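Peer 1: Could you have a look at this structure, given as structure tokens, before my questions?
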Amino acid sequence: MNPVHRSRRFDLVAFDWDGTLFDSTAIIVRSIQEAVRDVGGTVPSHQDAAYVIGMALTQALAHAAPDVPPEKYPELNLRYRYHYARHQDDLSLFDGVLPLLAGLRERGHLLAVATGKSRRGLDEALHSVSLRGVFDGSRTADETAGKPHPLMLQELMAEFDVPPERVLMVGDTTHDLQMALNAGCASVGVSYGAHEPDAFAALGPLHVAHSVADLHGWLMREA
């Protein structure tokens, strides 16, 4: 059967941004490490810095730099933003993301972003990669709650009047998959982002995609 005409399992597909659609994991890790070094904290390992990707920024930095006192969090935030901004123009979508999104739209899925980025950061990213109009909705951590709290998905479900069983969350971290679980939604993990996929199984994703092509194929067949 032509997949365009096949019945949909999910009406709304929500994507994480960094490490899922946007190839930014390495730069985020480096920016966290440099920011912590700038304020005199113990520089986290690559693994520890990658673990916090997807959380709200202040929560993420606090977790990555436990020896930095709270009074230094504003400075830590500023230093992270400084280092990230230096490389923001180097970032791009993963190869194959645009055809994937186009295929889902052709099948009539609603598309959304649920991200730990700030609203300003997401809007800048959407503008920089010419994605205006591709997504039907989006939620960011600074306007809702950081992952794995389910508020982002709950607000998107309310906005589009879609029940949890008709929502699929796609993400590269355990925070994404736990958020989906907390919201009563299904999930798919991707192994090419911030987190190693070993911990995904306990959170019950329907699939773990090892490339954008793998993700595209699964979504066309199963979503």
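No value in this document is a laboratory result; all are computed from the given coordinates. Keep in mind that what you see is a predicted model, and the values were worked out from it rather than measured. Neighbour counts run over all protein chains shown; Cβ positions are idealised from the backbone, glycine included.
Peer 1: Can you sort Ile27, Ile53, Ile32 so the residue with the fewest Cβ neighbours within 10 Å comes first?
Peer 2: Ile27, Ile53, Ile32
Peer 1: Could I have the simple spin-label model distance between Asp214 and Ala158, label points 7 Å from Cα toward Cβ, reported in nm to one decimal?
Peer 2: With each label placed 7 Å out from Cα toward Cβ, I get 3.6 nm.
Peer 1: Can you give me the distance in nm between label points at Leu206 and Asp123, each placed 7 Å from the Cα along the Cα-to-Cβ direction?
Peer 2: 3.3 nm
Peer 1: Now, a different point. For Ala209, list long-range residues whose amide hydrogen, built 1.01 Å from N in the peptide plane, is under 5 Å from its own amide hydrogen.
Peer 2: When sequence neighbours closer than 5 places are left aside, the close amide H contacts are Gly189, Val190, Ser191.
Peer 1: Taking H as built 1.01 Å from N, whose amide H comes closer than 5 Å to the amide H of Phe22, not counting residues under 5 places away?
Peer 2: Phe94
Peer 1: Sticking with this structure for a sec: Kindly express, to the nearest 10 degrees and within the range 0 to 90, the angle between helix 97-106's C-alpha long axis and the longest C-alpha principal axis of the chain.
Peer 2: Approximately 40 degrees, to the nearest ten.
Peer 1: Given the DSSP H assignment, sum -39500 (n - 2.57) over each helix run of at least 4 residues in the chain and divide by its residue total; what's the result at 222 nm in deg cm²/dmol, nearest 500?
Peer 2: -12500 deg cm²/dmol
Peer 1: I would also like to ask the following. How much net charge surrounds Lys72 when only the other residues with a Cβ under 14 Å from the Cβ of Lys72 are counted, with Lys and Arg +1 and Asp and Glu -1?
Peer 2: It works out to a net charge of -2.
Peer 1: Something else about it: Once you have the Cα-Cα distance between Arg37 and Ser191, take 0.36 nm times their residue separation minus that, and quote the gain in nm to one decimal.
Peer 2: The Arg37-Ser191 span can extend by a further 52.6 nm.
Peer 1: Here is a follow-up. Gap in Å between the Cα centre of region 181-195 and the Cα centre of region 108-170?
Peer 2: Centre-to-centre (Cα) distance: 14 Å.
Peer 1: I need Glu124, Glu106, Glu155 ordered by Cβ neighbour count within 10 Å, fewest first.
Peer 2: Result, fewest neighbours first: Glu106, Glu124, Glu155.
Peer 1: Starting from the amide H of Val170, placed 1.01 Å from N in the peptide plane, find each other amide H under 5 Å away whose residue is 5 or more places distant or on another chain.
Peer 2: Ala14, Phe15, Asp16, Val188
Peer 1: Can you compute the modelled spin-label distance between Glu165 and Leu111, with each label point 7 Å from Cα toward Cβ, in nm?
Peer 2: Roughly 2.7 nm, to one decimal.
Peer 1: Give the angle, between 0 and 90 degrees and rounded to the nearest 10, that separates the Cα long axis of helix 25-38 from the longest principal axis of the Cα atoms of the chain.
Peer 2: Tilt relative to the chain: about 20 degrees.
Peer 1: List the trypsin sites (Lys or Arg not before Pro) within region 108-138 that fall in a DSSP loop (any state other than H, G, I, E or B) and whose Cβ has at most 10 other Cβ atoms within 10 Å.
Peer 2: Passing sites in region 108-138 are Arg132.
Peer 1: While we're here: Please report Phe94, Phe15 as a ranked list, fewest other C-beta atoms within 10 angstrom at the top and most at the bottom.
Peer 2: Phe94, Phe15
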